[in-house]
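Some notes on the structure that comes next.
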Number of protein chains: 2
Amino acid sequence: MSTLSVPHPLPPVSDDVEQLRKAFSGWGTNENLIISILGHRNEVQRKVIREAYAKTYEEDLIKALNKELTSDFERLVHLWTLESAERDAFLANEATKRWTSSNQVLVELACTRSSDQLFFAKKAYHALHKKSLEEDVAYHTTGDFRKLLLPLVSSYRYEGDEVNLTIAKAEAKILHEKISKKAYNDDDFIRILATRSKAQINATLNHYKDAFGKDINKDLKEDPKNEYLSLLRSTVKCLVFPERYFAKIIREAINKRGTDEGALTRVVATRAEIDLKIIAEEYQRRNSIPLDRAIVKDTTGDYEKMLLAILGHNDA
Amino acid sequence: MSTLSVPHPLPPVSDDVEQLRKAFSGWGTNENLIISILGHRNEVQRKVIREAYAKTYEEDLIKALNKELTSDFERLVHLWTLESAERDAFLANEATKRWTSSNQVLVELACTRSSDQLFFAKKAYHALHKKSLEEDVAYHTTGDFRKLLLPLVSSYRYEGDEVNLTIAKAEAKILHEKISKKAYNDDDFIRILATRSKAQINATLNHYKDAFGKDINKDLKEDPKNEYLSLLRSTVKCLVFPERYFAKIIREAINKRGTDEGALTRVVATRAEIDLKIIAEEYQRRNSIPLDRAIVKDTTGDYEKMLLAILGHNDA
């Protein structure tokens with residue numbers, strides 16, 4: 001499901017490393033050269049390049065890139081060059097340092113990753129930040145936000161397909177009762193979303209719709225400005241249909257006055273090798289324009305070129 | 001720090017497997033033979049034996065043992081023969097099915113294991129029980145108990161030695177304030193115990209003692225019959241000085257009218273290859289009798305023999 005296009009045959013790593021060094025040296029930076037290499041290598045290949053670069057030049061490739069590049073292009077190349085667990089740890093750490101809008105990033109990391117991906121992100125978090133994701137999330141949030149976010153980032157969910165229909169019915173009823181009472185921060189309400197497997201939650205929410213006639217997210221729309229409710233809706237979306245959630249994040253990023261490059265970069269860099277193809281289809285279905293064309297309309301320069309390279313264009 | 005004594009040279013696995021089979025067959029079971037083999041093999045060796053047994057006789061060794069053995073001896077051999085992650089998953093699952101006293105087992109699993117041991121137990125839990133430890137803990141507890149237990153079993157704690165003294169002072173103050181107000185279920189109170197690294201919690205509790213003149217556990221003793229407070233004290237003990245905690249569990253198990261074999265078996269089977277030597281020293285310091293002698297006084301038969309074998313006696 002990767003959008004990436006990787007050349008066959010692949011040039012030797014030593015060539016990639018030498019070319020990158022060349023792109024950094026001399027008068028100005030050769031951004032096109034950087035894009036033509038890093039924009040067309042998969043995660044393992046980028047990892048090998050980064051290791052070889054460090055060995056050859058005794059400098060971290062990421063640091064070298066950050067020195068040479070600027071703004072949105074720099075951030076995209078930076079995120080993209082990181083390994084996925086490290087990247088998630090980086091994004092999570094950033095999110096624990098800022099306020100509400102970044103809570104959505106935490107929900108996204110907690111609910112769209114597989115259990116093992118989330119675990120490896122937490123491991124990388126220890127190594128990079130010398131503390132745990134859990135303690136940072138707990139420390140930087142309060143009240144209902146903490147009550148929801150901490151178990152979401154903490155749980156190691158079961159990932160099997162098995163579904164218990166008795167539990168699905170009972171818990172759909174609990175969810176509905178709590179929503180009727182506007183008890184959105186209820187312990188059981190959060191427990192169900194934070195600890196059940198995605199398959200089980202899906203069954204519960206299907207039963208919710210069958211029994212009570214509406215999507216749960218419709219019922220969680222009482223007050224569109226309530227940030228906690230909006231976070232609950234994101235939780236549900238990320239758990240049940242992540243590709244559609246991401247397509248919507250991209251849509252909002254592009255439709256915003258002035259584009260939200262932060263969100264666009266995050267989704268492209270984190271999903272390219274996972275489900276960006278499906279996200280792009282979902283995007284086109286909802287917006288009647290292919291994702292790459294929407295990106296061309298809304299972005300410019302090296303940033304645009306790098307996005308398109310990661311999306312699989314070959315002429316970057 | 002293992003108490004175990006393993007023969008040199010080690011007999012070939014095929015011999016062990018054959019001997020075990022022999023112990024099961026014929027008239028009655030040869031318990032001594034079982035003890036002489038399984039009581040003197042380490043975790044990796046037992047794993048290899050179990051695999052070879054399954055391959056040779058197309059039967060799970062654990063099932064064969066459960067068929068042949070009974071009561072306390074059966075449970076000890078069963079727990080001992082499991083791999084540690086599987087054993088923790090088994091104990092945790094059992095604990096989620098029973099009430100309060102088993103909450104202590106959950107605290108013990110969550111707070112005395114390393115972060116990776118706890119993670120592997122959760123992985124084994126998925127494989128064995130087709131659901132997550134988190135959802136079972138959340139489902140089987142309510143109120144304050146859930147509020148404490150769920151983050152304890154969920155967190156993947158940082159394990160470095162780094163300590164932030166500013167945080168230690170600030171959080172010691174928070175703990176003391178909450179205790180003064182008897183707000184034992186306060187969000188921040190639980191957050192600190194559930195998410196900080198063990199080194200950090202240790203620094204915080206040392207500062208607590210320096211600043212407020214008493215061990216936190218003394219301040220958590222307000223009502224000795226309050227089960228939630230008792231669980232908080234166990235949490236502190238397991239995090240800060242697990243060997244002493246385990247020595248006390250054994251002491252209580254032995255001093256009880258009729259011995260609490262469940263607890264004794266659990267501690268011996270789970271700690272033998274980790275810190276049972278230190279636990280035994282701690283036990284002797286507090287009780288003025290060596291642990292093995294206390295066990296001889298309090299147990300009998302094959303159960304006694306197997307306990308002593310795991311404790312390193314060679315004449316079982």
Spin-label pair B:N42/A:D15, simplified geometry with 7 Å Cα→Cβ offset, distance in nm: 4.9
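Across the residues of A:148-158, average count of Cβ atoms on other protein chains within 10 Å? All intermediate terms of the calculation are to be shown ahead of the outcome.
Working: counts 0, 0, 9, 5, 1, 3, 10, 9, 12, 6, 12.
Average per residue, whole number: 6.
Loop only by DSSP, 16 or fewer other Cβ within 10 Å of the Cβ. Give me the GluC sites (Glu not before Pro) in segment A:169-233 that pass, ordered by residue number. Intermediate results must be reported in sequence, preceding the final value.
On the way: sites: A:E171, A:E177, A:E222, A:E227; in loops: A:E222.
Of the GluC sites (Glu not before Pro), the ones in loops of segment A:169-233 whose Cβ has at most 16 other Cβ atoms within 10 Å are A:E222.
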Set the bar at 23 Å for Cα to Cα. Now go through B:K181/B:K221; B:K221/B:K277; A:K122/A:K147; B:K169/B:K214 and name every pair that lies beyond it. B:K221/B:K277
Per-copy distances of the B:N66 label point, shortest first, in nm (7 angstrom along Cα→Cβ): 5.3
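How far, in nm, would the chain grow between A:N32 and A:N206 when pulled straight, counting 0.36 nm per residue and subtracting the alpha carbon separation?
On the way: separation 174, 0.36 × 174 = 62.64 nm, distance 4.81 nm.
So the extension gain works out to 57.8 nm.
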Any chance you could give the angle, 0 to 90 degrees and rounded to 10, that helix B:115-129 forms with the longest Cα principal axis of chain B? 60
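Using only the Cα atoms, work out Rg/Rh for chain A, with Rh taken as the Kirkwood radius, to two decimals.
Values: Rg = 20.9 Å, Rh = 20.9 Å.
Dividing the radius of gyration by the Kirkwood radius yields 1.00.
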Lys and Arg at +1, Asp and Glu at -1: neighbours of A:K123 with Cβ under 11 Å from its Cβ sum to -4
What is the distance in Å between the Cα centroid of segment B:225-268 and that of segment A:196-224? 43
Along the Cα→Cβ direction, 7 angstrom out, place labels at A:N185 and A:N66. What is the inter-label distance in nm? 3.6
Report the gain in length on full extension from B:N93 to B:A54: 0.36 nm times residue separation, minus Cα-Cα distance, nm rounded to one decimal. 11.6 nm
Extension length gain for A:N314 and A:E162 (0.36 nm per residue less Cα distance), in nm, is 50.5 nm
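Can you list which of the trypsin sites (Lys or Arg not before Pro) found in segment A:226-279 are DSSP loop residues with at most 13 other C-beta atoms within 10 Å?
Working: sites: A:R233, A:K237, A:R244, A:K248, A:R251, A:K256, A:R257, A:R266, A:R271, A:K277; in loops: A:K256, A:R257.
Sites meeting the loop and neighbour criteria: A:K256, A:R257.
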Gap in Å between the Cα centre of segment A:1-64 and the Cα centre of segment B:117-179? 41
Inter-probe distance in nm under a simple model that places probes 7 Å from Cα toward Cβ, at B:E222 and B:A127: 4.4
Can you list the distances in nanometres, one decimal and ascending, from the B:K297 label point to the identical position in each other copy, with the point 7 Å along Cα to Cβ? 8.5
Per the axis that maps chain A onto chain B, nearest residue of A (Cβ criterion) and its distance in Å: A:S154, 2
Once the Cα atoms of helix B:143-154 and of chain B are each reduced to a long axis, what angle between those two axes, in degrees from 0 to 90 to the nearest 10, is obtained? 60
In degrees, nearest 10, range 0 to 90: what is the angle between the Cα axis of helix B:13-24 and the longest Cα principal axis of chain B? 80
Label-to-label distances across copies for B:K55, with labels 7 Å out along Cα→Cβ, in nm, shortest first? 3.5
Loop-resident sites, segment A:87-162, for chymotrypsin sites (Phe, Trp or Tyr not before Pro), counting at most 13 other Cβ within 10 Å (DSSP): A:W99
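A short reminder: the numbers here are calculations on the coordinates, not readings from a lab. This structure is a prediction, so every number in the text was calculated from the model and none was measured. Here Cβ is always computed from backbone atoms with ideal geometry, including for glycine, and neighbour counts include all displayed protein chains.
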